[in-house]
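Below: one structure, written as structure tokens.
The numbers here are math on the coordinates, done by the rules we state, and not lab data. Nothing here was measured: the structure is a model prediction, and the numbers come from that model. Every residue, glycine as well, gets a Cβ built from its backbone with ideal geometry; the counts of neighbours run over all protein chains shown.
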Amino acid sequence: MADIAQQDGVPAMAGGLAETMDRLRRSSEYVVIPLFALVVAGLIFSLFLFALGQSPAMFFSLLWKGGFGTGFSWQNTLVRAAPLILTALCVAIPARLGLVIIGGEGALVLGAFTGAVASIPLVNAGAPPFLVLGAMLVTSVATGAVWIGIVGALRHYRGINETIASLLMSYIAIAIMNFFVEGALRDPGNPNKPSTQPIGEANMIGEVPGLGVHWGLPVGIVVAILLWVLMNRTTFGFAARVTGGNVRAARAQGLPVGKLIVTACAIAGACAGLAGFFEVAAIQGKANASLAAGYGFTGILVAFLARQNPIAIVPVAIFLGGIAAAGGLIQRRMGMPDATVQVLQGLMFVVLLVSETLYGRLPFFRAKGDRR
Amino acid sequence: MNETDIGFWGVPLAMFAGAIRVSTPFLFVSLGECLTEKSGRINLGLEGTLVFGAMAGYAIAYLSGSPWLGVLAAGISGCFFGALHGCICKLPKVNDIAIGIAMMLFGTGLAFFFGKPFIQPQAPHLPSISLGGWSSLPQVQSALEINPLFFIGVLLAVVMWWAFKNTRWGLIVRMTGDSAAAARAMGYSVDLVRFLATTVGGFFAGVGGAFLSLYYPGAWSEGLSSGQGLMAVALVIFARWNPLACFGAALLFGAAGALGPALQSVGITQGYYFFNAAPYLLTLFIMIASVSPKRSLKGAPGELSITK
Amino acid sequence: MSSFLLSRRTLLKSAAIGSLGLTTGLLTQRPAFAEDLTIGIIYVGPRDDYGWNQAHAVAAKALAQVPGVKVVEEENVPETIAVAKTMESMVELDGAGLIFATSFGYYSPFMLDAAKKYPDVQFRHAAPLWKEGDPKNAGSYFGYLDQAHYVDGVAAGLSTKSNKLGFVAAKPISTVLSNINAFTLGAKSVNPNATVQVIFTGDWSMPVREAEATNALVDAGCDVITCHVDSPKTVIQTAEQRGVKSCGHNASQADLAPKGFITGAEYKWETIYKQFADTLSKGGTLPNFLAGGYDLDFVQNTPYGAGATPEAIKAADAAKADMKAKKPIYVGPLKDNKGNEVIPAGTSHPPYDPWIDQINFLVEGVTGSIT
């Protein structure tokens, strides 16, 4: 990625504007190729619909209407995007070190659960909302960080594959939550849906004024920007990227590879834990089995579509949130199964990954004089 | 009815029976994954292949009236997904793990999409072979009602184990997995070998799915797979890429899955969530106990991205 | 507390019955509807799951036949913000005037919030949760399936040979526990030697584990199996394969077990749905709380299968008549399966007593534990 910006194929006499244009042309590769891939995926999907006797035009117009066409659709979309930004960051940060973590779901669930548990004594003692929410926030984030941090530690110190370990730990996290929610920590006031004691209306985080979306969205965006800065503008980020490029080289340069891996994983887990915090504090108001809603798994998709770039995660999460938001409308208006949206997402995912192979191969985006 | 009351003996018996009943999909998927990984590629998408295979097998069995035709259809659809994975991963700069996750989403999505009309109908089941006639206990008789696919799986494990060691094909696959450069130097097409290994691996995973929908539990539904396809990938790692060990690991998983309900049936009810999570805990602990960063994994294909 | 709830509920129920009578009266006078009504129905799982969702979907289909009614449906909607947005979307984009939210976890906070946001739209939820102080345009409707499970239990108690009945349950929550208890009490009412063994799977839908649980119960000597999971297909099929009898749950599973099916506890949501649609089309007001069982035709039993013995059919028919006559299931003296007295002698809990919604024990005769 970095080599593109450093090539100097532009003649000096062309001046500042030409140079900027040229740089733009070359870096536009990262926008044009994914867009092209999305269009191709859309075309393939249209053929699929066409073959089934459904109207692609109607599908895409409903997709637009349900996801982005009205003010309400935008609310719907943004609310669904909020957790995805954070769970995608849980994938993207370790990915910079070459790790594929797919267990964000577990960190989210466990973070949400411990956060809800942390609130119980404070709520019962009548603590003010900022204290309750503060305690929940710290607990959720710390739990998430530890949970995925363990995955990183297992990877580095025991050589256990992080993809598998994080997935297994996801299942285990959900079992832990269910065990307590249906056992020792079950709220007797809710006999038909095993849940922890509610944090109470007064302690719920409200919506961003005028937006109709809870605070998880702006916080997610800010975290994404901060993590972009961390990964691209700091020594830590540089060291992480070196490690991701070549572990042996990183070791040879004396980088603390183990520490980097565990830290990156902990940051990732913290993001998922944060998502869990918002699920409890802004949406559910308690911990229960509904927390395992698949946000962690959709986050994987978002991260890969965004090519593990924290900033790009924001629009991609909104885009996928929009598709999910429109899914219901498509079910109701076209009578198509709910899985339609999943097929489209899977197709986009596959085509986008295939398009990775185009990078650096199209002459248009190359520096002048580069005839690779 | 005291003569059939076997009390606590029910637990080991249930685990034995569960090992046989529940292990077959694990066995097939892990053998498929084993073959793919031996050639130096990892296919995390077998979960999607398994789910699609379960749907396709059920649908074809229902429409044709023949469960074995369903198994074949499941295998062929698995081939298709495997081949797609194989084609895509051939392209430069494409990450096989990411493609696997994408294929998992795509495969399950397609299965749910096309599977809607088949949730209701009843497809014919695969027959089973009764081996328990010698026992007077109905529990033992039932435990020994064994599906032919189980034996096919066992046979396949043995054949693969033998073939990896003793045949030219086995050697080629292993060489491709250990060192692409060496395979190229010998004049073999690395891409072709991996493509074929992934395709055949997909076939096995599809058949594993058909077992779920056509034998045990024996119906197509969207919640049919609880991650068996993904677990099988983990299983290959701790089976050390040895097909015979895959069989053992699959049995262990099956037994662990039967533990929760079996313990409850004899009155041990505390913490059933953890007993139900036993397969996951077991895998994790076995991995922690057996993997070491100090020495490279014995039997691990050198080209595999997951072990690098 | 409980007596207050009781009086509140009795009041509501009589109001509901009143409005029902009113609407049927109006219906005969004026067959055409004043204006079209769009009804949104939200399911937590697939519509054709042989169980909970299917029971609602069958009713939705019947509802769609009512002239002037348009039904929009959405399936596989999780109990998260997604359901809040689905409800809003049905109102905003489809113009829904009545929404049926059919999964337990939809109620709080999602449906309550939506009801506050759209005061002109009616929201109804399929569990006995509405209480005074909740929005007036929200409400609950519920069929007391424990009555049909009681009938199941009666039929099972006279169809068993081993006197051991098996129950595959999802989670130890009150609705499930009351079904297990009713099944047990039904069986014991005709066969004092009958016991019921329970296995909890921990998930609403987990086919492999449900099959394992069924096998474990059969191995433990149970010769009649029933269940409370979202989709009973696996359990009934497995029981049939093992050559034991079975009782269904939620919807009809009779065709899955031609040899061993006894009967099954079924919801009859269409009674409620049609009644609501009629009321609204006439400009009437929907009840905030509507609960019923056999007496109001909200639940039923599947026609007897080959597994039911003649004396079981006779006794079960008598039990149905008892249920229609609102005979209480929970009669003292009653002990839980740990030996504690839960209902003293001489007292009883009538049907729809809120006490039933709070059940947190298994009655004597059940092998199994809720922790």
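Overview of values
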| read-out | value |
| --- | --- |
| Bridge type composition, the protein assembly as shown - antiparallel percent by DSSP, nearest 5 | 25 percent |
| Peptide-level mean, for C:359-366, of C-beta atoms on other protein chains within 10 Å | 1 |
| Out-of-range pairs (alpha-carbon distance over 27 Å; input C:Lys136/C:Lys327; C:Lys161/C:Lys324; C:Lys274/C:Lys326; C:Lys268/C:Lys327; C:Lys188/C:Lys324; C:Lys233/C:Lys320) | C:Lys136/C:Lys327; C:Lys161/C:Lys324 |
| Angle between chain A longest axis and helix A:129-153 axis [Cα atoms, degrees, rounded to 10] | 60 degrees |
| Peptide ranges B:72-83, C:207-218 listed from the most packed, as the mean C-beta count within 10 angstrom indicates | C:207-218, B:72-83 |
| Karplus-derived 3J(HN,Hα), 6.51/-1.76/1.60, for each residue of the range A:340-352, Hz, glycine and proline x | 3, 5, 5, 4, 4, 4, x, 5, 4, 4, 4, 5, 5 |
| Residue-averaged [θ]222 nm for chain B, counting only DSSP H segments that reach four residues, each worth -39500 (n - 2.57) | -23000 deg cm²/dmol |
| Per-residue Cβ neighbour rank within 10 angstrom, fewest leading, B:Ser225, C:Ser205 | C:Ser205, B:Ser225 |
| Whole-Hz ³J(HN,Hα) from phi, Karplus 6.51 cos²θ - 1.76 cosθ + 1.60, for the range A:215-229, glycine and proline x | 5, x, 5, x, 4, x, 5, 4, 4, 4, 5, 4, 6, 4, 4 |
| Neighbour-count order for A:Cys271, B:Cys246, fewest beta carbons within 10 angstrom listed first | B:Cys246, A:Cys271 |
| Mean separation of Cα contacts under 8 Å (6+ apart) over length of the range B:23-290, as relative contact order % | 35 percent |
| For chain C, calculated [θ]222 nm from helices alone, where every DSSP H run of n ≥ 4 adds -39500 (n - 2.57) | -12500 deg cm²/dmol |
| Volume per residue that the Cα convex hull of the protein assembly as shown spans, once the total is divided by residue count, Å³ | 177 Å³ |
| Candidates B:Pro12, B:Pro124, B:Pro67, ranked by Gaussian network fluctuation over chain B, Cα under 10 Å, top entry | B:Pro12 |
| Gyration tensor (alpha-carbon) shape descriptor, the range B:108-162, a/c threshold 1.5 | oblate |
| Average beta carbon contacts from partner chains per residue of C:129-136, 10 Å cutoff | 0 |
| Equivalent ellipsoid semi-axes - Cα gyration tensor, the range B:23-290, angstrom | 31, 22, 18 |
| Amide H contacts under 5 Å for B:Glu145, placed H, 5+ residues apart | B:Leu131 |
| Theoretical ellipticity at 222 nm over chain A - DSSP helices of four or more residues, -39500 (n - 2.57) apiece, nearest 500 | -22500 deg cm²/dmol |
| Sparse-neighbour loop sites [chymotrypsin sites (Phe, Trp or Tyr not before Pro); the range C:128-186; at most 15 other C-beta within 10 Å; DSSP] | none |
| Prolate/oblate/rounded label for the range A:220-372 (Cα gyration tensor, a/c 1.5) | oblate |
| Shielding by partners - mean other protein chain Cβ count within 10 Å, residues of A:313-321 | 0 |
| Ranked A:Arg251, A:Arg332, A:Arg307, criterion: other C-beta atoms within 10 Å, fewest first | A:Arg251, A:Arg307, A:Arg332 |
| For the range C:110-137 versus the range C:144-159, the gap between their alpha-carbon centres in whole angstrom | 33 Å |
| Cα-based shape type of the range B:7-61, given that a ≥ b ≥ c are square roots of the gyration tensor eigenvalues and the cut on a/c is 1.5 | oblate |
| For chain A, built as a Gaussian network whose Cα springs stay under 10 Å, the top-fluctuating residue of A:Ala268, A:Ala112, A:Ala127 | A:Ala127 |
| Distant-in-sequence amide H partners of C:Thr263 (H built 1.01 Å from N, under 5 Å) | C:Gly248, C:Gly305 |
| For C:Leu165, distant residues with modelled amide H under 5 Å away | C:Thr195, C:Val196, C:Gln197 |
| In order through the range C:93-102: 3J(HN,Hα) via Karplus (6.51 cos²θ - 1.76 cosθ + 1.60), integer Hz, x for Gly, Pro | 9, 10, x, 5, x, 9, 10, 9, 9, 9 |
| Net length gained if the chain between A:Leu211 and A:Asn246 were fully extended (0.36 nm per residue, minus Cα distance) | 8.2 nm |
| Fluctuation leader among A:Ser195, A:Ser119, A:Ser61 - chain A, Gaussian network, Cα springs under 10 angstrom | A:Ser61 |
| Debye-sum result for chain A in log10 I(q)/I(0), which assumes one identical scatterer on each alpha carbon, at q = 0.06, 0.07, 0.09 Å⁻¹ | -0.26, -0.35, -0.58 |
